[in-house]
Amino acid sequence: MSELGVSGSPNENPNVEKNNDGPAEDGRDVNTNGMNEEEEGEGDRLDNNERHDSSEESETDEEAERAIREGFIVEDEEDEAPHEIMKKKKRKKRVEEEKGPQGMLDEDDLELVMENTGQDNRTKLKRLKRGRDQEEDLEKIFSEDEDQEEKEEGGREEEIDGPDRGYGRRNGVMDEFADFIEQDEFEDEEPQEEKYDVTPQVESVRPEALGISEDDYFQIYEIFGDGTDYAFALEDEDVEDELQEPVSLKTIFEPSELQEKMLTEEDEIVRITDEPERMQLYMKRNSDCTDQELLDESHWITNQLLEKRLDINSELLEPFRFAVRHAVHFFVRESLEVPFIWQHRRDYIVHYDRQRDSITPLLNQDDLWRIFNLCTRYWSLHSKKNDLMKLYTDLGISDEMVITLCQEASSLETVDDINDYLHFTYSEQIRDRALLVGTGLRRPQVSKYSFYEKAKNSPLYHLVKEFGISARDFSFNAIQGARLRFVEDVSVPPQELATSYVTDELTDPELVLQRARKVFAEEIVHDPYFRKAFRDKLFQTGVVSTLATQKGVRKIDNEHPYYEFKYLKGKPLTSFEQSPILFLKMLKAEEEGLVQISVDFNDKNDVFNGFFELILSDNYSENATKWNSQREMVLKDVFRQLSTLAPGAIRETLRSKYSDELGMLCRAKLYSRLDQAPYEPSTKNFDRGTIPSVLAVSNGKGEPSDAIICLFVNDMGEPADSLKLPDFKDPANQAMFTDFVDKVNPDVIGVSGMSVSAHKVRLNVQVSLSSHDPIDIIMVNDEIARLYQNSSRATDEFPSFSTTSLYCIALARYVQNPLFEYAALGHDLLSLSFDPWQHLLSSETLWRYLETALVDVSSLVGIDINEAVNNKYEANILPYIAGLGPRKADYILKKIATLGGRIDNRSDLISKQIVTRKIFINCSSFLIIPNDEYPNMDILDTTRIHNEDYELARKMASDALELDEEDIEELEASKGVVYHLLEENEAAKLDELVLEEYADQLEREFNQRKRSTLEKVRRELKDPYGEQRNMFHRLTPSEIFLMLTGENPRNLRPDTLVPVNVKRVTNRFVAVKLDCDVDGDIKADEVSDDYIPPPQLLQAGQTVEAIIISLNEQNFTAELSLRNSILQTVLAKQKDRSHLTAYWDIEAEDRDNEKMQAETQAEQRVARVIKHPLFKDLNASQAEAYLSKLQVGDLIIRPSSKGSDHIVVTWKVGESAYQHIDVLELDKENEFSIGQRLIVKGRFENMTYEYSDLDELIVMHIKAIAKKIDEMCMHDKYRRGSRSDTEHWLESYSEANPKRSCYTFCSDQEHPGYFVLCFKAGVTSPVLAWPVKVIPNAYFLQGNVYADMTALCNGFKLLYAARAKSSRR
């Protein structure tokens, strides 16, 4: 870019002399030189304060005059060389810049100045631009657009100075008014000249050349224009294209789609970061922690594991701690996943007893995954502890207890206790710190602990110290469980001592003692040591009880899954260790509003007395007794507060603990299903792991119209042939099936279906092949096939196949490799059932546990990475390989595909930058690269041996073959020692090696534990990637029964009452069908006790209740009975509650049953009909549901459960609040008519209201009450919200205004239509409450009736004053 001086720059030196190289006579030569310098990057430097003569201006004028004399003939720019044109434009641009100071004057001033100086002003001046910001001008110094601006300005000057400057031009048409109006240019607009520069220039056309006059030409122009009138539309499109944002994924996909496809920025970070994907998503840790922090973490995790590992005795305790320490190190420092540790670091998680020459496993895979999860929990705990210590340091306080507790804290509950202690004890310092660090928070006038701050800074705190023992000393005794710090009584009784602390606020010694007790109690409550002692005691001796809510009483019947704890009473907390799911079910029922759970001490008085002994004085005197009485009141207050706080913490701790156990249980169930090798036919001599060909047979849903599909799937998992049969009854169809079997020659036949009829299909297959060569016929688990047949994955893979054919494909593939089928489901695994209560876990939590099972088994089996690039079905397990995940697996496949679709060896993963270092370490041994005779192949890549152990494998092979160094070098030059060992079938010689000595040598010289690794290397060299999964699981009769019927056989045990549908009735038996599609048979003598022939009692199509006598799972049949004597026996057993747990509230159950029975009887009474538009034949719950959609104040009249002489008026008091008013009817003409006298009795006011008809009752009673309720709600003393909210407001108001009493009204949510008057006489007084009932046209309070709210408020004040006066007397 050229160096140009800035016009009018204040930094330029005015004394700089003018350049001596003056312009030549020929203006073109000057411009040419300037252009050459411009191209070299060194343009002419122009000094703003130079004096310029008018030589160039006159030169330009002379050129114009010469052109005029020559008849307006001027050379077109097209005739000049392009660079010549550019030179001329640049020269004129610089000339205009030299005139910068001139341009600072307006036109009139400039003309006057030039006239006085004798200068010519004929040259047209360039129009001034709007002023720009200085920063913008500075930016344009280095702008590449400046050249373009020079070109445009030069071009405009040439148009002005041209021979046609007296006329404007529009693409060759002269316009004498073109320059008459100048358009303004603004900062946010492009100059008009620039806008039209993009328009193609049309050569000038003269009317004479067209043979027409100039007037005709202009007339044509005015009518038709010049053809460019709509050029602006095209120009706008170009501008829009230039301004359009670049296309990105965010502009194409919705955010939800990006998340689903894992294309967000967060996904990309996970994809490229050199950390295992699951560790990035699920594990939080500090990899830069110190050795001491790592030791502390392993110690904490060890203690957590020992709660479950009861098999670790004292002899194994230290090795166990050592193993956990190494596992934590592998996770935190080395980023190793569980499969890698299990396969390649097992030497560090087992115990070698050299004296006994034994190996004891210390950690299994479940333990490793628990450690994986515990690392995150410890990180959370450690982070919170660090935050607390930072707060402690910032406060600048000295409290050794905080430091000690932070170091010892092993649970989040303890950390929360420390946090509460800090905010309680140092709340003022914390608020001051918030102001100093500039959080913008205003210091509140009243804080949560303002009363404590005030008391601590007042003389009253001296009275607190006179209680004889501090809160910290008492808490120390509590945590130690013994009286190690004793109480010292003062000689003055508490009442007498409190007298000296009486103030204007605390006017009575009792108020002084009350405040002192509260301060002392709060100190104990907020002491972390006492909280921990209280929680520990509660967990050791606590019991759990449940109270069924009104909703739960109705919903939870004897068959409900929550019935087992509906009336639970006093079940010890510790007993839930044997039934953790029961506790989770209780929490779920509480969330659903069916029960309320309470946790309390089994013997609260005993626990209280135990703590009281630690704060009790041993002195025997009247004074000591009085002080002990004060301490007892303090401890009661402490128990009251902590009995609310502690159970919540225990519940959440147990929820987390038991949820983990449920998750691990689901993981174990899935692991057992994954840990199945391909089916091994008994009629074939297959090696373990060989994929069989499968013929899948199914009749689908088993409907009569459903055909039988026989589909053959080869050992590659591809459907190769199929047969469709209408049924197996026709011998011809059986023959066709036999021929088809001979044709495809399957290794195994798998049968399944979605109904009991699939059992008959299996029997027909066996019959059809009875004379055929032996072939295995098995029932196949179809839980995956049911999902696959209707999935998009199935239709994408086989779009032309029927649903039953897709079902059969999944059955066959399951027999071939269960792991691949489960892995292909992905998150659809959550649809399968692993435990009846797995829904107690969130889907995200359950998936994390299920994923661990997939990771373990997938890494055990391994994957042919080159095959996975081209086989999407096999690639489904790649995300579950150690170190990988869906993002990294997808990247690996795409990367290999771009490199030719294959890699030659595992080292290519690093050398070709397919994976990073940590990912390679984790995943390499689980990626199989078969030996395909490629030059760069390594036979060890076909084994589970890790790259770091390749040298060990080669040394073991050379030692087994007893090769010297020359032989080794010769073999390594070809295909290697290991290849030679395997090709020559010499692997058996590996058994002759003494690996123990070699392992000792490695540990001694290199500090590497390799004993288990050496054993693994030997096993892999003998059988590379041999099958290590369990045998294929053949379904048991109970599992087949559950699969085909959907009913667990345990639910159909003898003496179970079930509904059955009668299908056929004869004199000898009755054929029935159970709801689960099981055929049942009732013998004639089991129909009745009186031996009545069955046809006289039953008929086909009838549904009856029957008792199961026996169940045949294999044949899907059941024997049943209808005899009344057996039925009564079964019912008696159901009513017998001796089988219930000992922790059962029988009285509560009886009470609820009686209430339910009464309500049921009331509902079954004869319905009344009353001729009134508001009458509805509804019960209480139905009436509330009906009114819920109506307005407040609406009502209905309904029958009463008390009999035909009562009715009920139910009206809507408020949202979800309804009042039921019982009305007694007198003087009834008959049972169904309405009484002539309607009586409403007051519940508390001992009043009776009588009305003559329903309309009068509605207006004079209901509407009158509604009016008074509205009056109450509109009063300024009324507060919306619950009673607890109102009491909390009173407490806060009283603390903020300690010298004032306060009162307010709120709704009684438990009794609609009633209110509660809550009041607090002073800051130390408790919150009291009086009920207020709304009666027609008045309010009822404490036996008095008040006509309006003013009278009610005044009456309350008089009542309270009178009672306070009488109490003082």
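Side notes on the structure shown:
- Among residues of the stretch 686-710 being within 42 Å of the chain's Cα centre (by Cα) and farther than 18 Å from V756 by Cα, the one that is surrounded by the fewest Cβ atoms within 10 Å (Cβ to Cβ) is R688.
- When the residues of the stretch 468-483 are filtered to those that are more than 43 Å from the chain's Cα centre (by Cα) and outside any loop (DSSP other than H, G, I, E, B), the one that is surrounded by the most Cβ atoms within 10 Å (Cβ to Cβ) is F474.
- Extreme residue, farthest from N922 (Cα to Cα), among residues of the stretch 859-877 that are touching a Phe, Trp or Tyr at 6+ places or on another chain (Cβ under 9 Å) and outside any helix (DSSP H, G or I): N876
- Some residue of the stretch 927-950 being more than 28 Å from V855 (Cα to Cα) and over 50 Å from the mean Cα position of the chain (by Cα): no
- Condition check for T1304: closer than 29 Å to A455 by Cβ, buried (at least 17 other Cβ atoms within 10 Å of the Cβ) and in contact (Cβ under 8 Å) with a residue 40 or more places away in the chain: no
- Total residues in the stretch 323-340 satisfying the condition of being closer than 22 Å to T290 by Cα and either in contact with a Leu (Cβ under 6 Å, 6 or more places away or on another chain) or surrounded by 22 or more Cβ atoms within 10 Å (Cβ to Cβ) (or both): the figure is 10.
- In the set (1) in contact (Cβ under 8 Å) with a residue 12 or more places away in the chain; (2) open to solvent by 60 Å² or more (accessible area, probe 1.4 Å), N985 fails one condition alone, (1).
- Residue in the stretch 354-365 that is more than 24 Å from E1003 (Cβ to Cβ) and crowded, with 16+ Cβ neighbours inside 10 Å present: yes
- Of all residues in the stretch 405-457, those that are at pLDDT below 75, part of a loop (DSSP other than H, G, I, E, B) and either aromatic (F, W, Y) or on the phi < 0 side of the Ramachandran plot (or both) total 11.
- Candidate set from the stretch 1131-1176 (those that are in a helix (DSSP H, G or I), of a type in the set (G, A, S) and farther than 30 Å from L1074 by Cα); member that is modelled with the highest pLDDT: A1148
- Filter result (of a type in the set (F, W, Y) and either open to solvent by 10 Å² or more (accessible area, probe 1.4 Å) or in contact with a strand residue (DSSP E or B) (Cβ under 8 Å, 6 or more places away or on another chain) (or both)) within the stretch 778-812: F798, F801, Y807
- Some residue of the stretch 549-559 being open to solvent by less than 10 Å² (accessible area, probe 1.4 Å), assigned to a strand (DSSP E or B) and either over 22 Å from T644 (Cα atoms) or not charged (D, E, K, R) (or both): no
- The residue list A735, A707 contains one member that is over 21 Å from I778 (Cβ atoms) and in contact with a Lys or Arg (Cβ under 9 Å, 6 or more places away or on another chain), which is A707.
- Of the residues making up the stretch 711-744, those that are in a loop (DSSP other than H, G, I, E, B) and either under 45 Å from the mean Cα position of the chain (by Cα) or under 20 Å from R813 (Cβ atoms) (or both) are N714, D715, M716, G717, E718.
- Failed condition for D367, given (1) among the acidic types (D, E); (2) assigned to a helix (DSSP H, G or I); (3) closer than 17 Å to N922 by Cβ: (3)
- Taking residues in the stretch 851-866 that are open to solvent by 10 Å² or more (accessible area, probe 1.4 Å), and partners anywhere that are basic (K, R), the pairs with Cβ atoms closer than 6 Å and at least 6 places apart or on different chains are T852/R667; N866/R902.
- When the stretch 881-906 is filtered for residues that are open to solvent by 20 Å² or more (accessible area, probe 1.4 Å) and in a helix (DSSP H, G or I), the ones remaining, listed by number, are P886, R887, D890, Y891, L893, K894, K895, A897, T898.
- Tallying residues that are open to solvent by 20 Å² or more (accessible area, probe 1.4 Å) and assigned to a strand (DSSP E or B) within the stretch 1113-1130 yields 2.
- Against the criterion of being open to solvent by less than 20 Å² (accessible area, probe 1.4 Å), free of Cβ contacts under 8 Å to residues at least 40 places away in the same chain, in contact with a helix residue (DSSP H, G or I) (Cβ under 7 Å, 6 or more places away or on another chain) and among the aliphatic types (A, V, I, L, M), V1334 does not qualify.
Condition check ((1) among the small types (G, A, S); (2) within 38 Å of the chain's Cα centre (by Cα)) across all residues:
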{"residue": "A875", "(1), (2)": "yes, yes"}
{"residue": "Y880", "(1), (2)": "no, yes"}
{"residue": "G883", "(1), (2)": "yes, yes"}
{"residue": "I892", "(1), (2)": "no, yes"}
{"residue": "G901", "(1), (2)": "yes, yes"}
{"residue": "A957", "(1), (2)": "yes, no"}
{"residue": "S974", "(1), (2)": "yes, no"}
{"residue": "V978", "(1), (2)": "no, no"}
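- Filtered residue count, the stretch 976-1010, keeping only those that are in contact with an Asp or Glu (Cβ under 8 Å, 6 or more places away or on another chain) and outside any helix (DSSP H, G or I): 4
- Residue in the stretch 531-544 that is modelled with pLDDT under 95, crowded, with 16+ Cβ neighbours inside 10 Å, polar (S, T, N, Q) and touching a strand residue (DSSP E or B) at 6+ places or on another chain (Cβ under 6 Å) present: yes
- Qualifying residue in the stretch 1013-1035 (condition: more than 30 Å from F340 (Cβ to Cβ) and either open to solvent by 30 Å² or more (accessible area, probe 1.4 Å) or in a helix (DSSP H, G or I) (or both)): yes
- Residue pairs meeting the criteria (Cβ under 9 Å; at least 6 apart or on separate chains; first under 15 Å from L763 (Cα atoms), in the stretch 723-736; second open to solvent by 50 Å² or more (accessible area, probe 1.4 Å) and in a loop (DSSP other than H, G, I, E, B)): N733/P726; N733/D727
- Within the stretch 1048-1060, the presence of at least one residue that is assigned to a strand (DSSP E or B), farther than 30 Å from L832 by Cβ and either out of contact with any strand residue (DSSP E or B) (no Cβ under 6 Å at 6 or more places or on another chain) or touching a residue at least 60 places away in the same chain (Cβ under 8 Å) (or both) is confirmed.
- Filtered by the rule that a residue be polar (S, T, N, Q) and loosely packed, with under 13 Cβ neighbours inside 10 Å, the stretch 1083-1112 gives Q1096, Q1099, T1103, S1110.
- Looking across the stretch 564-621, the residues that are among the β-branched types (V, I, T) and either free of Cβ contacts under 8 Å to residues at least 24 places away in the same chain or surrounded by fewer than 18 Cβ atoms within 10 Å (Cβ to Cβ) (or both) come down to T574, I597.
The values are calculated or read from the model by the stated rules, or taken from the named source; none is laboratory data. Predicted, not measured: the structure shown is a model, and the values here were computed from it. Don't worry about glycine lacking a Cβ; one is built from the backbone with ideal geometry, like all the others, and counts go over all protein chains shown. We work out accessible area using only protein heavy atoms, side chains counted, and drop any ligands, DNA or RNA first. Shrake-Rupley method; radii C 1.70, N 1.55, O 1.52, S 1.80 Å.
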